[in-house]
Amino acid sequence: MAKNVKMVFFLVITFGAITSLRAQQPSQPLLDNILDKAGEETFKYFDSFKNLLSEETKTIETFDKHGEIKKTKTIKSTFLVYQLTKDETRSVEFRNVVSVDGKPLDNADKRTQDFFTKVSSAESSSKELEQLYKESSRYDGDLVVDGLTLFQSLVLAKNLRPLFAFSYVGTKVKDGASVYEIAYQQTKGSPDISINNKKNPNSGKSGFDYEIDTDSNRELNGRLRGTLWIDASTFQIRGEHRELTVQPDAVGKPMPVIVNDFEFQSSDFGILTPKRITHIQSRLVEKGQEATKEIRLTLDYANFSRPDVEVKSSEVKNSPKP
């Protein structure tokens, strides 16, 4: 029972009190300018974040058919970004697990050293990726969620932005900062946003690759929608709410099957770093007529630091800089 979110990713978070301010509805050129600058900041986020380490606490909750929590698991890791040795244009998320449900793992540092020595000798980048995913998620069960932390607000990527209609909601105060609140809705289909695509093409472009559980073979008609909170001074992303909805034939309205919330915090590294990311996933039942909550993933981040060396080989021992 796989539950995949690849490359980008990915309980609903309350982002704190948001107070409306009086603001003029911007013209389309002004809205486009806001989105252009915010898109530039997401590239800066990627470039800066791939050089950081963080403490990550992953909480996985599974639900029974009545919507009650039946199991909870907590996994603590050192989160870092790994540059592939077989493809230096690609960086991926890696989690060095240090404890599970409060119990420290034996020889975690040695295991990591041995693992990077092994993975650096992989025969291809695809084999390297496979080993990295397997090691990072070995305590996650059937859940596979990747890319939510490293990639920020991909709806602003050049190849994806034309697929969405963006609308200005207003100017607000969030976490003490003035922000532009902008809603978005996917209006066009694209192979760069796929659901249950067994071929799993890798076009080299930014994209979303979802896999959801369903008891129906009908066309799901998936679409993304959400809200961005963009800092009015820096144009950095302060928060995002994102939903993947489906609307099989004969279903009256779109049903959210994956819900993501992203909350960012101030840092000393020139970017807003992740504070909390949440992912709720539902399963389609009754031949796709209903969606029932299956799993909730919460990622909490703290104590960001910058390592002395770039992590891309067996050399992973480093002294974090404050």
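When you go through K118, K110, K205 one by one, which is the residue that is in a loop (DSSP other than H, G, I, E, B) and open to solvent by 70 Å² or more (accessible area, probe 1.4 Å)? Being in a loop (DSSP other than H, G, I, E, B) and open to solvent by 70 Å² or more (accessible area, probe 1.4 Å) holds for just one of K118, K110, K205, which is K205.
Within the range 113-141, residues that are farther than 23 Å from E61 by Cα sit with their Cβ atoms under 9 Å from residues that are among the basic types (K, R) and part of a helix (DSSP H, G or I), at 6+ positions apart or across chains, in these pairs: V119/K127; Q131/K118.
Taking the criterion of being of a type in the set (K, R) and outside any strand (DSSP E or B), the only residue of the range 208-244 that qualifies is R218.
Taking the criterion of being open to solvent by 50 Å² or more (accessible area, probe 1.4 Å), more than 15 Å from L35 (Cβ to Cβ) and not small (G, A, S), the only residue of the range 158-179 that qualifies is D175.
Taken over the range 191-223, the residue count meeting the criterion of being under 27 Å from S91 (Cβ atoms), charged (D, E, K, R) and modelled with pLDDT under 85 is 3. Taking the residues in the range 86-107 that are of a type in the set (D, E) and over 25 Å from S206 (Cα atoms) as candidates, determine which candidate is least open to solvent (accessible area, probe 1.4 Å). Residue satisfying both the conditions and the ranking: D101. Does at least one position in the range 274-297 carry a residue that is within 29 Å of N33 (Cβ to Cβ) and among the hydroxyl-bearing types (S, T, Y)? No, there is no match, as no residue in the range 274-297 is within 29 Å of N33 (Cβ to Cβ) and among the hydroxyl-bearing types (S, T, Y). The residues of the range 180-190 that are surrounded by 14 or more Cβ atoms within 10 Å (Cβ to Cβ), modelled with pLDDT of 95 or more and either touching a helix residue (DSSP H, G or I) at 6+ places or on another chain (Cβ under 9 Å) or outside any strand (DSSP E or B) (or both), listed by number, are Y180, I182, Y184, Q186.
Cβ-Cβ contacts under 8 Å between residues 6 or more apart (or on different chains), taken from a first residue in the range 268-287 that is aromatic (F, W, Y) to a second residue that is part of a loop (DSSP other than H, G, I, E, B) and open to solvent by less than 80 Å² (accessible area, probe 1.4 Å), are listed as F269/L52.
For the range 123-144, the set of residues classified as within 30 Å of I212 (Cα to Cα) and more than 19 Å from the chain's Cα centre (by Cα) consists of S124, S125, S126, K127, E128, Q131, listed by residue number. Please indicate, with yes or no, whether at least one residue in the range 271-280 is open to solvent by 10 Å² or more (accessible area, probe 1.4 Å), in a strand (DSSP E or B) and either aromatic (F, W, Y) or within 20 Å of D209 (Cα to Cα) (or both). Yes, the range 271-280 contains a residue that is open to solvent by 10 Å² or more (accessible area, probe 1.4 Å), in a strand (DSSP E or B) and either aromatic (F, W, Y) or within 20 Å of D209 (Cα to Cα) (or both). Among the residues of the range 121-151, just one is open to solvent by 40 Å² or more (accessible area, probe 1.4 Å), within 23 Å of F262 (Cβ to Cβ) and part of a helix (DSSP H, G or I), namely Y133. Which of the residues that make up the range 248-263 are hydrophobic (A, V, I, L, M, F, W, C) and open to solvent by less than 10 Å² (accessible area, probe 1.4 Å)? Passing the criteria: V257, I258, F262. Determine whether V309 is buried (at least 20 other Cβ atoms within 10 Å of the Cβ), of a type outside the set (D, E, K, R), within 30 Å of K110 (Cα to Cα) and modelled with pLDDT under 90. Taking the combined requirement at face value, the residue does not satisfy it.
The values are calculated or read from the model by the stated rules, or taken from the named source; none is laboratory data. Since the model is a prediction, treat every value here as computed from it, not as a measurement. Here the Cβ is made from the backbone with ideal geometry for all residues, glycine too, and neighbour counts use every protein chain on show. Ligands, DNA and RNA are excluded from the accessible area calculation, which covers all protein heavy atoms including side chains. Shrake-Rupley method; radii C 1.70, N 1.55, O 1.52, S 1.80 Å.
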